[in-house]
Amino acid sequence: MALPPQLRAIQHHLRTAQEHEKRDPVVAYYCRLYSMQTGMKLDSKTPECRKFLIKLMDQLESMKKELSDNDSISQEVVGNAHIENYALKMFLYADNEDRAGRFHKNMIKSFYTSSLLLDVLSVFGELSEENIQHRKYARWKATYIHNCLKNGETPQAGPIAMGEDEEADEFGAEGFSGAGTSHGASFRGDPPSQSFQGQDEGLGPGPAPGIGFTPSPGPGPSGPPATNYNNIHIPPGAHAPANTPAELPPPTGGVHLSPEDFTKAQKYCKYAGSALQYEDVGTAIQNLQKALKLLTTGKE
């Protein structure tokens, strides 16, 4: 069923769902859930939109039944960790390629898909400030690198400060159609203050079948003033060596833990479990350490 033009803003989230149907049904499910929730806000009254959204709801219902024994579907906290880990893996893959000066369609698509999956995280609640920044940077980088390649220019590798008026361009249906310029006047390069360890470089999605996405600008204001993305914050453990030592005090006993503390500790354990699905030992260790520290000291 064709997507009504009023719902154009969700077309790439739906395409991402389709691409992950077999590779990762959990990603497909939450992309569709986000699309349904966003579609309802965009237009749930026009007959064609209503019909499309009802069909999407039916699809979600049958997926939910099929995946009923999957923790990532039955428990939101696990689903949240799964999508966030997946998005950050894609971001790190593209960022590593970018810092190494390897520019290609696959890395552009990885940057862009990670920004879409960070949109999807909003089904679990408000995005953290760092994920908002990751999303903005990834979407903008995808535009910038694509436009450079299209115009026969060499993109500047690694983090670049972005002017506040430089949002991702609206891309045309036939691929990126940047407004004829490859980059704005306020790009300025800074030497990276940290480089991510080259981890799992093969983590990008399959070969991009040509870039045909049309991002909708993310919600919120036009963005913060120029930001130096050298110091972009990746959650601890995302590039930590697997043997990071535990800096844990011995259990003190008699620590008073609030219900909120138990929920947080449970969340860290779920994050660790999700990281292990991707064989990401560093992130798993970091999250387990956080849970242990919280349970033994009552402090994060």
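Quick grid of which residues meet (1) open to solvent by 20 Å² or more (accessible area, probe 1.4 Å); (2) aromatic (Phe, Trp, Tyr); (3) over 22 Å from the mean Cα position of the chain (by Cα):
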{"site": "11", "(1), (2), (3)": "yes, no, no"}
{"site": "48", "(1), (2), (3)": "yes, no, yes"}
{"site": "68", "(1), (2), (3)": "yes, no, yes"}
{"site": "77", "(1), (2), (3)": "yes, no, no"}
{"site": "107", "(1), (2), (3)": "no, no, no"}
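Applying the criterion of being open to solvent by 10 Å² or more (accessible area, probe 1.4 Å) and in a helix (DSSP H, G or I) to the residues of segment 145-155, the residue that is farthest from residue 103 (Cα to Cα) is 150.
Which residues, counting only those in segment 109-120, are of a type outside the set (Val, Ile, Thr) and either open to solvent by less than 10 Å² (accessible area, probe 1.4 Å) or modelled with pLDDT under 95 (or both)? Scanning segment 109-120 gives 110, 111, 112, 114, 115, 116, 117, 118, 119.
Hey, among 259, 251, which residue is farther than 27 Å from residue 133 by Cβ, open to solvent by 90 Å² or more (accessible area, probe 1.4 Å) and modelled with pLDDT of 80 or more? Can you show your working first?
On the way: 251 fails: modelled with pLDDT of 80 or more.
The match here is 259.
Scanning segment 34-46 for residues being open to solvent by less than 30 Å² (accessible area, probe 1.4 Å) and charged (D, E, K, R) gives a total of 1.
Name every residue in segment 262-296 that is over 27 Å from residue 92 (Cβ atoms) and either modelled with pLDDT of 85 or more or surrounded by 15 or more Cβ atoms within 10 Å (Cβ to Cβ) (or both), in order of residue number.
Correct list: 295, 296.
Restricting the first member to segment 256-281 and to residues that are over 13 Å from residue 299 (Cβ atoms) and free of Cβ contacts under 8 Å to residues at least 40 places away in the same chain, and the second to residues that are of a type in the set (D, E, K, R) and open to solvent by 40 Å² or more (accessible area, probe 1.4 Å), the beta-carbon pairs closer than 8 Å and six or more apart or on different chains are 268/290. Only one entry in 28, 94, 17 is of a type outside the set (Lys, Arg), more than 19 Å from residue 122 (Cβ to Cβ) and at pLDDT 95 or above, namely 94. Selection of segment 121-138 for residues being buried (at least 17 other Cβ atoms within 10 Å of the Cβ), among the charged types (D, E, K, R) and more than 16 Å from residue 92 (Cβ to Cβ) yields only 136.
The values are calculated or read from the model by the stated rules, or taken from the named source; none is laboratory data. None of these values were measured; they are calculated from a predicted model. Cβ: placed from backbone, ideal geometry, glycine included. Neighbour counts: every protein chain shown. The area values use the complete protein model at the heavy-atom level, side chains included, leaving out ligands, DNA and RNA. Shrake-Rupley method; radii C 1.70, N 1.55, O 1.52, S 1.80 Å.
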